[in-house]
1. Would you confirm, using the coordinates I've provided, whether G145 is in a helix (DSSP H, G or I) and within 13 Å of the ligand (Cβ to nearest atom)?
2. Is region 53-70 home to any residue that is among the basic types (K, R), assigned to a helix (DSSP H, G or I), surrounded by 20 or more Cβ atoms within 10 Å (Cβ to Cβ) and in contact (Cβ under 8 Å) with a residue 12 or more places away in the chain?
3. With the checklist (1) in contact with a helix residue (DSSP H, G or I) (Cβ under 7 Å, 6 or more places away or on another chain); (2) at pLDDT below 95 in hand, flag the one item S164 doesn't pass.
4. Kindly establish whether L148 is touching a helix residue (DSSP H, G or I) at 6+ places or on another chain (Cβ under 7 Å), surrounded by fewer than 16 Cβ atoms within 10 Å (Cβ to Cβ) and within 19 Å of L316 (Cβ to Cβ).
5. Quick one: which of D50, D85 is touching a residue at least 40 places away in the same chain (Cβ under 8 Å), out of contact with any Asp or Glu (no Cβ under 6 Å at 6 or more places or on another chain) and away from the ligand (no atom under 15 Å from the Cβ)?
6. In this structure, is A34 closer than 25 Å to E266 by Cβ, near the ligand (Cβ under 10 Å from one of its atoms), assigned to a strand (DSSP E or B) and modelled with pLDDT of 95 or more?
7. Do the conditions hold for R83, that is, is it in a helix (DSSP H, G or I), at pLDDT 95 or above and either surrounded by 15 or more Cβ atoms within 10 Å (Cβ to Cβ) or not hydroxyl-bearing (S, T, Y) (or both)?
8. Look at A199 and say whether it is in a helix (DSSP H, G or I) and small (G, A, S).
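The values are calculated or read from the model by the stated rules, or taken from the named source; none is laboratory data. What you are looking at is a predicted structure, and each value in this text was computed from that prediction instead of being measured. For neighbour counting, all protein chains shown are included, and Cβ atoms are generated from backbone atoms with ideal geometry for every residue, glycine included.
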Amino acid sequence: MGKVVLVTGANSGVGLALCERLLSDDAQLQLCLACRSKQKAEAARQVLLDSHPKAHVSLVRLDVASMRSVLSAAEEIRQRYDRLDYLYLNAGIMPSPQVDFSALYKGLFSGKAIHMFSTGAGLLTQKDTVTSDGLQQVFATNLFGHFLLVRELEPLLCQTDHHSQVIWTSSSNACRSAFSLDDVQHEEGLEPYSSSKYASDLLSLALNRHYNSQGLYSSVICPGLVMTNLTYGILPSFIWTLIMPLMWLIRIFTNTFTLTPYNGAEALFWLFKQKPESLDPMVKYHSLTSGLGNSYTQTRKMDIDDTMSAALYQKLLELEKRVRKKLKDEDSKCTK
Ligand SMILES: NC(=O)c1ccc[n+]([C@@H]2O[C@H](COP(=O)([O-])OP(=O)(O)OC[C@H]3O[C@@H](n4cnc5c(N)ncnc54)[C@H](OP(=O)(O)O)[C@@H]3O)[C@@H](O)[C@H]2O)c1
């Protein structure tokens, strides 16, 4: 049996491009697309089978923002496979993004304009909501649902005879100043996306500290600035059409404008080829693209530390306990 790979948010953008690249590299792969929409997942599967007719591509219904959905998807995955070699935690949202025009104005004259445009750091705010589990939507989607998934898939990921990799699609937008241990869900602020991505950097480090001895290794990547549904949500489409030539021009001067999902998936694919025990838990792997359009992966040290990472991990374990209890209580109320 070939390697088993599961990708969340596999039906579009960077996730779908990654799937294409994985199948082009390894025809034996058992690829599982974990998506919230059955219809979109089937369409993505068809796209992949059109270019790789003999590929093994299966689907699992997973809404990472719903803890019930995570538990039932994990159960299905445990029944279907007896190992999991790669778990790509890629699904993510940036709801109702707004450009902070005063930050934009200041950024333009601070010499940080390109960094600001390519990462959105300090430039974008979002409107968050609360899920039916009582969690902040961005936190639940980008971080906590994935954390619960890892915990549920431990038996497949932690095996003595081989190593497994958990790979998070984080972002350069991850920023220490947007995150607080006193408000891990980011209920108070206006940058839940940045907070959730910073939390995923911290969590990846904690997973390494806890699970490396059991054969599980975790890494984080940034795909660069990629034109996907997520980025098209930031500005009206006519503005994107107007500035697109400028974006391609800027790419000559900055390597973080990866722009295409194929190039954005570079670091995700690069990690697929690495021995996990050789990876550095303190770095982020960046997909970059040269002015001539060649993509490559580069490491950059993250602004994280073990103390903060361990504290977040503890908080997530406590929250997991509360969420599991809430679901159990709801179940027992229903059966009464
Ligand atoms: N594009 C960029 O410039 C950029 C930069 C840095 C990081 N990223 C990260 O890259 C990752 C992929 O995003 P993308 O740019 O490829 O955007 P995208 O095309 O919008 O892909 C996001 C994927 O996540 C899925 N998703 C969202 N909420 C979900 C949920 N509750 N349960 C299951 N799946 C869910 C989406 O499914 P639906 O189709 O059903 O919505 C979609 O498949 C995200 O984590 C994003 O934060 C992107």
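1. Here the answer is yes, as G145 does meet what is asked.
2. No, region 53-70 contains no residue that is among the basic types (K, R), assigned to a helix (DSSP H, G or I), surrounded by 20 or more Cβ atoms within 10 Å (Cβ to Cβ) and in contact (Cβ under 8 Å) with a residue 12 or more places away in the chain.
3. (2)
4. So L148 fails the test.
5. On inspection, the qualifying residue turns out to be D85.
6. yes
7. Judged against the criteria, R83 is not a match.
8. Numbers: in a helix (DSSP H, G or I): yes; small (G, A, S): yes.
Spelling it out, A199 is indeed in a helix (DSSP H, G or I) and small (G, A, S).
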